[in-house]
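Visitor: My structure is below; once you've seen it, I'll send some questions.
The values are calculated or read from the model by the stated rules, or taken from the named source; none is laboratory data. If you're wondering where the values come from, they're calculated on a predicted model, not measured in any experiment. FYI the Cβ positions are ideal-geometry reconstructions off the backbone, even for glycines, and counts take in every protein chain you see. Just the protein is used for accessible areas: all its heavy atoms, side chains included, with ligands, DNA and RNA removed. Shrake-Rupley method; radii C 1.70, N 1.55, O 1.52, S 1.80 Å.
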Protein chains: 10
Amino acid sequence: MDKQQMTDLIVTAKAKRGLTWEKMGEDLGMSPVWLASACLGMNGAPPEKAMAITEYLGLDQGVARALEAFPTKIWDQTVPTDPLIYRFYEIAGVYGTTLKEVIQEKFGDGIMSAIDFTMEVDKQEDPKGDRVVVTMNGKFLPYKHW
Amino acid sequence: MDKQQMTDLIVTAKAKRGLTWEKMGEDLGMSPVWLASACLGMNGAPPEKAMAITEYLGLDQGVARALEAFPTKIWDQTVPTDPLIYRFYEIAGVYGTTLKEVIQEKFGDGIMSAIDFTMEVDKQEDPKGDRVVVTMNGKFLPYKHW
Amino acid sequence: MDKQQMTDLIVTAKAKRGLTWEKMGEDLGMSPVWLASACLGMNGAPPEKAMAITEYLGLDQGVARALEAFPTKIWDQTVPTDPLIYRFYEIAGVYGTTLKEVIQEKFGDGIMSAIDFTMEVDKQEDPKGDRVVVTMNGKFLPYKHW
Amino acid sequence: MDKQQMTDLIVTAKAKRGLTWEKMGEDLGMSPVWLASACLGMNGAPPEKAMAITEYLGLDQGVARALEAFPTKIWDQTVPTDPLIYRFYEIAGVYGTTLKEVIQEKFGDGIMSAIDFTMEVDKQEDPKGDRVVVTMNGKFLPYKHW
Amino acid sequence: MDKQQMTDLIVTAKAKRGLTWEKMGEDLGMSPVWLASACLGMNGAPPEKAMAITEYLGLDQGVARALEAFPTKIWDQTVPTDPLIYRFYEIAGVYGTTLKEVIQEKFGDGIMSAIDFTMEVDKQEDPKGDRVVVTMNGKFLPYKHW
Amino acid sequence: MDKQQMTDLIVTAKAKRGLTWEKMGEDLGMSPVWLASACLGMNGAPPEKAMAITEYLGLDQGVARALEAFPTKIWDQTVPTDPLIYRFYEIAGVYGTTLKEVIQEKFGDGIMSAIDFTMEVDKQEDPKGDRVVVTMNGKFLPYKHW
Amino acid sequence: MDKQQMTDLIVTAKAKRGLTWEKMGEDLGMSPVWLASACLGMNGAPPEKAMAITEYLGLDQGVARALEAFPTKIWDQTVPTDPLIYRFYEIAGVYGTTLKEVIQEKFGDGIMSAIDFTMEVDKQEDPKGDRVVVTMNGKFLPYKHW
Amino acid sequence: MDKQQMTDLIVTAKAKRGLTWEKMGEDLGMSPVWLASACLGMNGAPPEKAMAITEYLGLDQGVARALEAFPTKIWDQTVPTDPLIYRFYEIAGVYGTTLKEVIQEKFGDGIMSAIDFTMEVDKQEDPKGDRVVVTMNGKFLPYKHW
Amino acid sequence: MDKQQMTDLIVTAKAKRGLTWEKMGEDLGMSPVWLASACLGMNGAPPEKAMAITEYLGLDQGVARALEAFPTKIWDQTVPTDPLIYRFYEIAGVYGTTLKEVIQEKFGDGIMSAIDFTMEVDKQEDPKGDRVVVTMNGKFLPYKHW
Amino acid sequence: MDKQQMTDLIVTAKAKRGLTWEKMGEDLGMSPVWLASACLGMNGAPPEKAMAITEYLGLDQGVARALEAFPTKIWDQTVPTDPLIYRFYEIAGVYGTTLKEVIQEKFGDGIMSAIDFTMEVDKQEDPKGDRVVVTMNGKFLPYKHW
């Protein structure tokens, strides 16, 4: 079973049970963002989490094995076209040099890891229109000199 | 005076005074991220803020005018090469479909605005290595039907 | 049922009944442009509209479910080749800086939303050759400072 | 004098006089959109209009000559990055197939000309946020068979 | 039946009858170039021509319907690799600025339409090697000012 | 003197004398298309023609030397953006496979040379709008087998 | 039968018989390079050669027909990745301007044809490591002036 | 002195003396192809050859130093546009898989080196049109297994 | 059997036996890196190694034949997206000019072969986090002059 | 002083003193690879190292300041063309999936850091041709689950 088949089975089971990533994350004690990324095949799950997810959804061992597999992270569009995803590309473009200035001022020469990394998405209610709050948290990695 | 000349003057004045974006933001009552983006020419400043920034740095009216100008936001590299900036591109690639799932589950069919948008960068101290915390906050914009 | 299968079923039913988007839009009280975009899979339909469209065409619930699904908006050609579509790309290229000048002069620093957005297409009869009139209507979104 | 120098002189004179494209268009009896596109170098002006524009701004004959020159229309970015301009690219991407369906249904097999073409930008006031209205008007060109 | 299936049926029928585009065009009173482009799916045929073509080849109504359909004109290679086709790309590259100079000198600011357009291919016999003569004929479209 | 400087001198002299490529070609006994391409630097001129052109325009030997130089033919835009030039790119895209069919049917397996090649541009007056007629004439080159 | 199926049949028959292109070329009186290119679908074969090849390999008439078909020469990778093929791309890049200098010095302004063209590959034994000798032979085509 | 300045000085001196690469190569005992590539900055020259070249042309030590420098081999166009150079790109595309077949059949799994490599250009006189003969000679490098 | 089918069979057999590339390499006397690259289809195996691998895994002769086949090395992504692979692309970008300086200083004008090449991957244990050690070993190839 | 000016001064001083990166690294107690990368502007130097380098070369404080600056790491060529650098790109392409297999087998799901990273270049003498040995050493970063 490859990651695509795994995702299809999980998404179908989730829809049939009327679940959300939010609800699943809460019940399973996992972040909804990480959970979704693992179920969409963009992160691998450690065995106990893979088992918990598949048992929760009533899916079999094959799905757990596929969840555990280390994914090859591929995206086809150099510039994403879906408007929701493009806006994150736009933020990287518009604010890239700003992030470099501000992060390196605070931490020194180095980067924010995208691997030793977590992310949360929250809803901030607002009478003028609700707001999406995305919090990224990555380890600072200083450049070496040797 | 164009934005590039403006940035050069501001960065020089800031360095001469030993300032940081953090300190400047605090003194001026502005977010360091927004302040840096305006000074790097990727955001325009309203007149009173442009004035405050230039007075604070002892720069002349020409700089204030350039800060007020509405910028044309251009980046040359479709895929950024600087590692710090690339990691944000990578996050958009790896987590793009996840963000779509989680945001649209919470808010319905629509996107997070990158225009009605703010961002903060914080340092989270950690004995295993400090962590960079980036918080993005954008208005949810639902798609119309008509 | 995915969006592609949905589109095939709708287009077939529409052709069998000899309908146009114009006629369907009129009968259903929807804009022909929005209606076509939803049926082609580039917009999601709210449940009551999805139901109305499928009942009107004598299609089943599966099509309604597919119409409701939030679409991932993907186009394969960075530069479109079909001449009708290319001309809109050309307009964005030739008139992009002009639109920026004129819109920002009228509204301040910000953009026209392509999400909180509607569009109409009309025919203007003209003895020297009929004319296509495309009217785009998008909310102005001012940039934030924070 | 090339188009770039011409634009610089016009934009400087316009700013010194505190003019807008709107005001200039009204005074000169020209559409502000066309006027801006000619002054930005993306359209050529017929001699009498070139003369009127330069006299109005107090500029010399060299500017008029440059306005008359037939421009070579070049844009550097295959995918524009400025958010205001990108949104028009996005509209061409998201609604391209829809425009093809709706226009060809109304007019037959052919395209909307981007040459025999005019465009207007209007402001529609709205308590929930003003709206940008862009109206494109292009001659329908049917494909030939021979 | 889509355009690809239509092309396969036409090409097979044409080969079985030992026909050429030349001969077919002569018998049907159509230009061989237009006829080939319609049969290859890059132009739509008006109903009476679609009918004439299919009757001539002994094909059924489904092929006629497919010939009538308005094609979406897509080509996959930004730079074509087949040497015959590449040479036309090369001509556009080498002679593009020349064509602009010469056409606009003769006609004013505008373009040659590729829609209100016809093309012929002829053979010019020559003892030093026969020559291909391609004649393009497109309506001149002047730019508007408004 | 490089080709760019040569072009600038020729274009200036031509404008000062109020000449057209048409008129120059007639007076010099050269095709206006070839003449323009040589003066724009996309073709080299044999010494006697280079001499005739420069004498005609009252330019010096340096210009003649530059006209004689074998040009390196470079164009910067893989897909040209100027609408007049783009339409020729579009013709290569839309009609590429058709040209392959029709030319190879007439001549066998091979190509039309873009080197052993001439081109003319004519104006065909038409009450419904004048028409641009471009005639390309290239030697047929058959593929070898060996 | 398309070219891909033809190639599969030929390659299989060749392997079963333990043949090489070298041996086949010698037996059939054809250059191994041309023979391989025709069998791989990148050149068309005249009928008598197509017949000879298929009879030699014990294949049927369908294969001969496919060998005769005029190929559309397509390669998918703008920059080839296979190291053997890339090296030829590298030679075109590193030595392109050199070849232009040396060929045009010897022949005048023009090019080496890649159509009226033959190529041979030989092995030059060498105790320090055998050497590959590739000999390209193309007709010189002078640019026209007209 | 960088390679570009070096090339300019060499090319000027060569033209003033009415030399050809052919003649220079003969006099200096170097291949005209290698000599041209070194003088165009795409190969470095060993000190004694750099000295010989500069003395022959009456140029100073700075040119010799620049000739010795190890070049960074850069070409700007992924797909070359000059027709002479493009044809070599086309050969790599059309005959790439053929070269792979024929070379690996003769030599085993490996490649022809483009580094341990020499090339010659010859003229083959022919009443039907002279022919360009390019001979490439590269060491065969077998892949390792370890 | 093509390389993809071969890889699928090998990977399945390896997983069923609970093997690692490390263990297999040790048992077979081959480098795990080379072994993995051959089994993934990016290197060909000499017959005796192909036989040893398939016997070890209990696979049939067809797999051995596929292992022996000379691979066409293709990768689809010009810029790889998987983070592990991207980091090697990043190293080539960040350190490319440095490697050129240091290697050519040590060896003279030439390159490190990627064909006459071996590579090892080792684990260096470290209390602050284990480290990956990749050792590349390629023959130095000096440029020729001729 | 920007990084480019800094590099020019350092390279000139290094050449005048007849130094190598090897010798400089040894004298300064720094790795020649890191030292070269800092001097070429692709790494920042901590103040004491920046001071040591400039004193060693007899350069002033401005150079030290430029060495300390955090660099923006930019490379222009998506696919590098210089053969020495391209070979590292080729290794990433050919061996990318192999490195993923072997590293993740040894370390689990994660990557080798290119930031917490060092590299050495060594010469391995060999009668059949000296060999370049490049040793990369990067911290393993495991993916998080949260």
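Visitor: Could you list, in sequence order, the residues of region I:57-81 that are part of a helix (DSSP H, G or I), open to solvent by less than 10 Å² (accessible area, probe 1.4 Å) and in contact (Cβ under 8 Å) with a residue 40 or more places away in the chain?
Guide: I:Leu57, I:Val63, I:Ala66, I:Leu67
Visitor: Kindly indicate whether G:Asp27 is over 21 Å from H:Asn137 (Cβ atoms), over 16 Å from the mean Cα position of the chain (by Cα), not assigned by TED's automatic domain parsing to the domain that holds G:Val134 and not aromatic (Phe, Trp, Tyr). Full working, then the answer.
Guide: Values: over 21 Å from H:Asn137 (Cβ atoms): yes; over 16 Å from the mean Cα position of the chain (by Cα): yes; not assigned by TED's automatic domain parsing to the domain that holds G:Val134: yes; not aromatic (Phe, Trp, Tyr): yes.
Against the criterion (over 21 Å from H:Asn137 (Cβ atoms), over 16 Å from the mean Cα position of the chain (by Cα), not assigned by TED's automatic domain parsing to the domain that holds G:Val134 and not aromatic (Phe, Trp, Tyr)), G:Asp27 qualifies.
Visitor: Please go through region A:41-69 and give me each residue that is among the hydroxyl-bearing types (Ser, Thr, Tyr) and more than 20 Å from I:Ala15 (Cβ to Cβ), ordered by number.
Guide: The one that is among the hydroxyl-bearing types (Ser, Thr, Tyr) and more than 20 Å from I:Ala15 (Cβ to Cβ): A:Tyr56.
Visitor: Hey, another quick one. So, in region B:116-143, of the ones that are of a type outside the set (Lys, Arg) and closer than 30 Å to C:Leu35 by Cβ, which residue ends up farthest from the other protein chains (Cβ to nearest Cβ)?
Guide: The extreme case among them is B:Pro142.
Visitor: Output the number of the condition that B:Tyr89 fails; it satisfies all remaining conditions of (1) within 15 Å of the chain's Cα centre (by Cα); (2) assigned by TED's automatic domain parsing to the domain that holds B:Val132.
Guide: (1)
Visitor: Check J:Val63, J:Val121 and return the single one that is in contact with a strand residue (DSSP E or B) (Cβ under 6 Å, 6 or more places away or on another chain) and among the aliphatic types (A, V, I, L, M).
Guide: On the way: J:Val63 fails: in contact with a strand residue (DSSP E or B) (Cβ under 6 Å, 6 or more places away or on another chain).
After applying the criteria, what remains is J:Val121.
Visitor: Given the condition under 15 Å from I:Phe88 (Cα atoms) and not aliphatic (A, V, I, L, M), answer yes or no: does some residue in region J:123-130 qualify?
Guide: No, every residue in region J:123-130 fails to be under 15 Å from I:Phe88 (Cα atoms) and not aliphatic (A, V, I, L, M).
Visitor: Read through the list (1) within 11 Å of chain A (Cβ to nearest Cβ); (2) touching a Lys or Arg at 6+ places or on another chain (Cβ under 8 Å), then give the number of the only condition that B:Ala50 fails.
Guide: For B:Ala50, the exception is condition (1).
Visitor: Taking the stated definitions as given, is F:Gly138 in a helix (DSSP H, G or I), open to solvent by less than 50 Å² (accessible area, probe 1.4 Å) and within 30 Å of E:Pro71 (Cβ to Cβ)?
Guide: Judged against the criteria, F:Gly138 is not a match.
Visitor: Taking region A:76-118, which residues are of a type in the set (Asp, Glu) and in contact with a strand residue (DSSP E or B) (Cβ under 6 Å, 6 or more places away or on another chain)?
Guide: Within region A:76-118, the first condition is being of a type in the set (Asp, Glu), and the residues that meet it are A:76, A:82, A:90, A:101, A:105, A:109, A:116.
If the condition is that a residue be of a type in the set (Asp, Glu) and in contact with a strand residue (DSSP E or B) (Cβ under 6 Å, 6 or more places away or on another chain), then A:Glu90, A:Asp116 are the ones that fit.
Visitor: Taking region C:98-129 on its own, how many of its residues are part of a helix (DSSP H, G or I) and touching a Gly at 6+ places or on another chain (Cβ under 9 Å)?
Guide: Result for region C:98-129: 2.
Visitor: Same structure again: What about F:Leu84, is it more than 30 Å from E:Cys39 (Cα to Cα) and either assigned to a helix (DSSP H, G or I) or among the hydroxyl-bearing types (Ser, Thr, Tyr) (or both)?
Guide: No.
Visitor: Considering A:Leu59, A:Leu84, which residue is in contact with a helix residue (DSSP H, G or I) (Cβ under 7 Å, 6 or more places away or on another chain) and more than 9 Å from chain B (Cβ to nearest Cβ)? Talk me through it step by step, then tell me what you get.
Guide: Numbers: A:Leu84 fails: more than 9 Å from chain B (Cβ to nearest Cβ).
Sole residue among the options that is in contact with a helix residue (DSSP H, G or I) (Cβ under 7 Å, 6 or more places away or on another chain) and more than 9 Å from chain B (Cβ to nearest Cβ): A:Leu59.
Visitor: Moving on to the next point. May I ask you to list the residues in region D:120-131 that are surrounded by fewer than 22 Cβ atoms within 10 Å (Cβ to Cβ) and touching a residue at least 40 places away in the same chain (Cβ under 8 Å)?
Guide: Hit for region D:120-131 is D:Glu120, nothing else.
Visitor: If you don't mind, another one. Are any residues in region H:27-44 open to solvent by less than 40 Å² (accessible area, probe 1.4 Å) and out of contact with any Phe, Trp or Tyr (no Cβ under 9 Å at 6 or more places or on another chain), and if so, which ones?
Guide: Result: H:Ala38, H:Gly41.
Visitor: Could you list all residues from region D:82-116 that are more than 26 Å from C:Leu19 (Cβ to Cβ), among the β-branched types (Val, Ile, Thr) and open to solvent by 10 Å² or more (accessible area, probe 1.4 Å)?
Guide: Correct list: D:Ile85 only.
Visitor: Collect the residues in region H:45-56 that are open to solvent by less than 30 Å² (accessible area, probe 1.4 Å) and assigned to a helix (DSSP H, G or I), keeping them in residue-number order. Before the answer, list the steps.
Guide: From region H:45-56, those open to solvent by less than 30 Å² (accessible area, probe 1.4 Å) are H:45-46, H:50, H:53-54; that's our starting set.
Answer for region H:45-56, where residues must be open to solvent by less than 30 Å² (accessible area, probe 1.4 Å) and assigned to a helix (DSSP H, G or I): H:Ala50, H:Ile53, H:Thr54.
Visitor: Restricting attention to region A:12-26, which residues are more than 7 Å from every other protein chain (Cβ to nearest Cβ) and open to solvent by less than 60 Å² (accessible area, probe 1.4 Å)?
Guide: Start the filter on region A:12-26 by keeping residues that are more than 7 Å from every other protein chain (Cβ to nearest Cβ), which leaves A:12-19, A:23-26.
Answer for region A:12-26, where residues must be more than 7 Å from every other protein chain (Cβ to nearest Cβ) and open to solvent by less than 60 Å² (accessible area, probe 1.4 Å): A:Ala13, A:Lys14, A:Leu19, A:Met24, A:Gly25.
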